[in-house]
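Comments concern the structure below.
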Amino acid sequence: MVTYGVAILTGCTLAGAVIGQLLGELLGVDANVGGVGFAMLLLIVVTDVMRRKGRLPRPSEQGVLFWSAMYIPVVVAMASVQNVSAAVSGGAAAVAAGLAAMLVGAGLVPLIAKIGPTSAPLPPLADPDAAAQEI
């Protein structure tokens with residue numbers, strides 16, 4: 001069942017890569033534009049819909065959670081291979097656009113944090129022993 005969670009993640013990753021590549025072609029850029037971001041948005045939507053319909057068994061959810069936790073290291077590794085020096089040498093507009101995106105993102109954090117009632121805590125973490133017994 002954990003494999004099904006990985007299959008969901010894989011499907012979202014492939015769909016995100018296709019969407020990012022198509023977006024790159026539409027923009028005239030020879031690159032995948034936002035494929036990883038689209039993949040994560042798809043993963044959030046798909047797992048939420050499946051969870052609401054009761055179609056996401058606990059072991060599958062554990063598989064999705066494990067690989068979701070791996071998302072940040074994967075993105076860091078992907079970003080490390082980007083040609084940063086070419087972007088910086090692209091001029092002040094490229095640097096200004098990057099800084100503006102970073103500042104807008106940082107400014108939105110407090111606003112997004114206020115969404116939802118303050119009395120709605122995160123669900124408790126799953127007991128690893130109980131999850132291993134379910135598999």
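The values are calculated or read from the model by the stated rules, or taken from the named source; none is laboratory data. Note that the structure is predicted; figures quoted are calculated from it, not measured. Heads up, the Cβs are rebuilt from the backbone with ideal geometry, glycines too, and the neighbour counts pull from every protein chain shown. Remember, those area values only see protein heavy atoms, side chains included, never the ligands or the DNA or RNA. Shrake-Rupley method; radii C 1.70, N 1.55, O 1.52, S 1.80 Å.
Would you point out the residue of the stretch 20-38, among those that are in a helix (DSSP H, G or I) and open to solvent by 40 Å² or more (accessible area, probe 1.4 Å), that is nearest to S68 (Cα to Cα)? Result: V36. Quick check, is M50 surrounded by 15 or more Cβ atoms within 10 Å (Cβ to Cβ), in a helix (DSSP H, G or I) and modelled with pLDDT of 85 or more? When the stated conditions are applied, M50 passes them. Here R55 passes the criteria (1) at pLDDT 85 or above; (2) more than 24 Å from G5 (Cα to Cα); (3) not in a helix (DSSP H, G or I) except the one numbered (2). Determine whether T3 is in a helix (DSSP H, G or I), open to solvent by 60 Å² or more (accessible area, probe 1.4 Å) and of a type in the set (S, T, Y). It is true that T3 is in a helix (DSSP H, G or I), open to solvent by 60 Å² or more (accessible area, probe 1.4 Å) and of a type in the set (S, T, Y).
So, of the residues in the stretch 113-135 that are surrounded by 10 or more Cβ atoms within 10 Å (Cβ to Cβ) and either closer than 30 Å to N32 by Cβ or among the aliphatic types (A, V, I, L, M) (or both), which turns out to be modelled with the highest pLDDT?
This residue is A126.
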